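Comments concern the structure below.
The values are calculated or read from the model by the stated rules, or taken from the named source; none is laboratory data. Fair warning: this is a prediction, and the values are worked out from it, not measured in the lab. Neighbour counts run over all protein chains shown; Cβ positions are idealised from the backbone, glycine included. Heads up: the accessible areas ignore ligands, DNA and RNA and are worked out on the full protein's heavy atoms, side chains in. Shrake-Rupley method; radii C 1.70, N 1.55, O 1.52, S 1.80 Å.
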Amino acid sequence: MTSALEPVAEDTAEIPPFPMARAAGCPFDPPPGLRASREAAPLTRVRLWDGSTPWLVTTHAEQRALLADPRLSSDVTSPGFPKTVPSSGGGLSFITKDDPEHARLRRMVTGAFTVRRVEALRPAVRRIVDDRIDELLAGPRPADLVAAFALPVPSLVICELLGVPYADHPFFQENSRILITRTTTPEERAAALARLTDYLRELVTRKLRDPADDLLSGLVGRIGAGELSVAEAAEMGVLLLVAGHETTANMIALGTALLLQHPDQLALVRDAEDPAVVASAVEELLRFLNITHSGLRRRALADIEIAGRVIRAGEGVILPNDIGNRDPDAFPEPDRLDVRRNPRRHMAFGFGVHQCLGQPLARLELQVVYGTLYRRVPTLRLAADVDRLPFKHDGSVYGVHELPVTW
């Protein structure tokens with residue numbers, strides 16, 4: 001007699017590939033294949049580029065339970081880990097490690113991202129946002145909101161926080177683009193990562209001689225105390241630099257494109273006098289859009305029983321939080337944008353010990369941007385049809401390559 005939790009034999013010929021394509025005309029919604037998978041079962045199998053068939057978890061409750069389970073590993077170098085692309089090496093610093101090494105390295109920078117420390121940056125972020133809007137309004141129309149505003153704002157913020165010269169932003173933006181593009185070859189990815197690591201290693205070495213009041217200089221202090229190596233500090237710098245501008249930049253542009261398609265929701269944000277209304281809108285936009293495009297990925301260290309199935313030790317697990325954030329059991333009418341919803345249990349930043357370290361900073365930047373841009377440019381509108389926008393179907397971070405706007 002078999003157990004109810006015994007794995008069900010499956011015909012691998014019928015297993016769909018992952019990632020799944022988004023439907024034409026629905027650029028703001030998760031791929032229909034994810035919805036079909038969720039409706040079929042909380043856990044199903046998918047096929048990756050290398051022929052492996054990890055578990056796909058599509059329901060909000062099961063995703064949160066698994067992301068909080070220490071029996072799942074984030075170590076990308078372990079056999080069976082469901083990698084997004086071919087790669088022979090590890091990933092970016094502590095996000096691809098397990099405890100205790102993950103906790104040791106993460107602890108080095110946690111202090112810079114506390115809510116209190118981040119809130120102290122609000123005046124500086126407001127200045128950056130206002131300055132970029134001034135330049136946008138003084139420039140030509142139509143304008144590309146990505147190049148003129150969405151990318152410079154978080155790049156300036158993370159450069160100021162880390163102590164990275166903003167004059168070098170074309171270099172690190174180009175190389176970070178290579179890292180997050182799925183069509184990049186392993187050789188191209190390794191070369192881009194090496195260039196960024198060399199750049200940060202040189203910058204860390206300079207700060208050893210001449211420290212300043214920034215996050216990298218704080219890491220230099222850890223090096224002097226023997227708690228961190230120059231190489232580890234450089235790797236952490238790469239992670240914070242890439243993650244600190246790519247994700248927020250895409251969220252600014254994609255959120256604006258979405259709100260311009262929902263004028264009633266845009267008016268609620270633009271006319272809000274209460275900062276809590278804007279903060280709520282940020283959470284709803286994060287839930288609705290969820291720019292992570294390849295799912296959170298883990299590998300089972302032991303057998304895990306969940307939702308009537310067994311994930312065996314060594315098997316890969318993919319948790320696409322974009323479909324988890326559209327789960328009707330967690331969010332009523334999940335496919336309706338409602339900026340007054342304030343869905344604090346969304347998983348745009350992940351969940352568990354590996355949830356995004358920089359989420360307080362991302363929230364603050366988005367609150368300032370959404371609370372300022374539409375108020376200062378009340379006639380902002382798209383200068384191209386939505387179905388003609390160049391959406392980033394080729395990357396692990398979703399967004400738009402360009403966003404033509406006018407006013």
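Could you figure out which of (1) over 15 Å from the mean Cα position of the chain (by Cα); (2) closer than 30 Å to Gly111 by Cβ; (3) surrounded by 15 or more Cβ atoms within 10 Å (Cβ to Cβ) isn't true of Pro360?
(1)
Within the bounds of region 93-103, is there any residue that is surrounded by 13 or more Cβ atoms within 10 Å (Cβ to Cβ), touching a Gly at 6+ places or on another chain (Cβ under 9 Å) and either modelled with pLDDT of 95 or more or not small (Gly, Ala, Ser) (or both)?
Keep residues of region 93-103 that are surrounded by 13 or more Cβ atoms within 10 Å (Cβ to Cβ), which gives 93-99, 102-103.
With the extra rule that they be touching a Gly at 6+ places or on another chain (Cβ under 9 Å), the set shrinks to 93, 96-97.
Okay, now just the ones that are also either modelled with pLDDT of 95 or more or not small (Gly, Ala, Ser) (or both), so 96-97.
Yes - at least one qualifying residue is present in region 93-103.
Taking region 380-394 on its own, how many of its residues are over 13 Å from Leu254 (Cα atoms) and either among the acidic types (Asp, Glu) or assigned to a helix (DSSP H, G or I) (or both)?
Looking only at that region, the number is 4.
Quick one: in region 125-169, of everything that is open to solvent by 10 Å² or more (accessible area, probe 1.4 Å) and closer than 15 Å to His401 by Cα, which residue is farthest from the chain's Cα centre (by Cα)?
If we take residues in region 125-169 being open to solvent by 10 Å² or more (accessible area, probe 1.4 Å) and closer than 15 Å to His401 by Cα, then Ala143 is farthest from the chain's Cα centre (by Cα).
Among (1) touching a Gly at 6+ places or on another chain (Cβ under 7 Å); (2) of a type outside the set (Val, Ile, Thr); (3) at pLDDT below 95; (4) crowded, with 17+ Cβ neighbours inside 10 Å, which single condition is Gly395 missing?
Condition (1) is where Gly395 drops out.
Determine the pairs where a residue that is in a loop (DSSP other than H, G, I, E, B), located within region 305-326, has a partner that is basic (Lys, Arg) with Cβ atoms under 8 Å apart, the partner being 6 or more residues away or on another chain.
Gly314/Arg299; Glu315/Arg299; Asn325/Arg287; Arg326/Arg35
I need a count of the residues in region 32-68 that are assigned to a loop (DSSP other than H, G, I, E, B), of a type in the set (A, V, I, L, M) and under 20 Å from the mean Cα position of the chain (by Cα). It would help to see each step written out before you state the result.
We begin by selecting, within region 32-68, every residue assigned to a loop (DSSP other than H, G, I, E, B); these are 41-42, 46, 48-54, 58-59, 68.
The next check asks that each one be of a type in the set (A, V, I, L, M); those that pass are 41, 46, 48, 68.
Keeping just the survivors that are under 20 Å from the mean Cα position of the chain (by Cα) gives 68.
The qualifying residues number 1.
Per-residue answers, yes or no, for (1) within 22 Å of Ala40 (Cα to Cα); (2) in contact with a Leu (Cβ under 6 Å, 6 or more places away or on another chain); (3) open to solvent by 10 Å² or more (accessible area, probe 1.4 Å):
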site: Gly308; (1), (2), (3): yes, no, yes
site: Arg326; (1), (2), (3): yes, no, no
site: Ala330; (1), (2), (3): yes, no, yes
site: Cys356; (1), (2), (3): no, no, yes
site: Glu365; (1), (2), (3): no, no, no
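Need pairs with beta-carbon distance below 7 Å; first residue within 22 Å of Ala212 (Cα to Cα) and outside any helix (DSSP H, G or I) and within region 146-175, second among the polar types (S, T, N, Q) and open to solvent by less than 30 Å² (accessible area, probe 1.4 Å); sequence gap 6+ or separate chains.
Filtered contacts from region 146-175: Gly163/Ser217.
With the structure loaded, tell me whether Asp131 is touching a strand residue (DSSP E or B) at 6+ places or on another chain (Cβ under 7 Å) and either touching a residue at least 24 places away in the same chain (Cβ under 8 Å) or more than 25 Å from His346 (Cβ to Cβ) (or both) or whether it fails that test.
Numbers: touching a strand residue (DSSP E or B) at 6+ places or on another chain (Cβ under 7 Å): no; either touching a residue at least 24 places away in the same chain (Cβ under 8 Å) or more than 25 Å from His346 (Cβ to Cβ) (or both): yes.
So Asp131 fails the test.
Has region 333-355 got any residue that is in a helix (DSSP H, G or I) and of a type in the set (Gly, Ala, Ser)?
Step one: filter region 333-355 for residues in a helix (DSSP H, G or I), giving 352-354.
Imposing the further condition that a residue be of a type in the set (Gly, Ala, Ser) reduces the set to 352.
Yes, region 333-355 has at least one match.
Among the residues of region 34-50, what is the count of those that are out of contact with any helix residue (DSSP H, G or I) (no Cβ under 8 Å at 6 or more places or on another chain) and open to solvent by 30 Å² or more (accessible area, probe 1.4 Å)?
5
Sort through Ala253, Ala257, Ala233 and tell me the only one that's open to solvent by less than 10 Å² (accessible area, probe 1.4 Å), touching a Gly at 6+ places or on another chain (Cβ under 6 Å) and either assigned to a helix (DSSP H, G or I) or not charged (D, E, K, R) (or both).
Numbers: Ala257 fails: touching a Gly at 6+ places or on another chain (Cβ under 6 Å); Ala233 fails: touching a Gly at 6+ places or on another chain (Cβ under 6 Å).
The conditions single out Ala253.
Consider region 290-339. How many of its residues are at pLDDT 95 or above, in contact with an Asp or Glu (Cβ under 9 Å, 6 or more places away or on another chain) and among the hydrophobic types (A, V, I, L, M, F, W, C)?
Of the residues in region 290-339, 11 are at pLDDT 95 or above, in contact with an Asp or Glu (Cβ under 9 Å, 6 or more places away or on another chain) and among the hydrophobic types (A, V, I, L, M, F, W, C).
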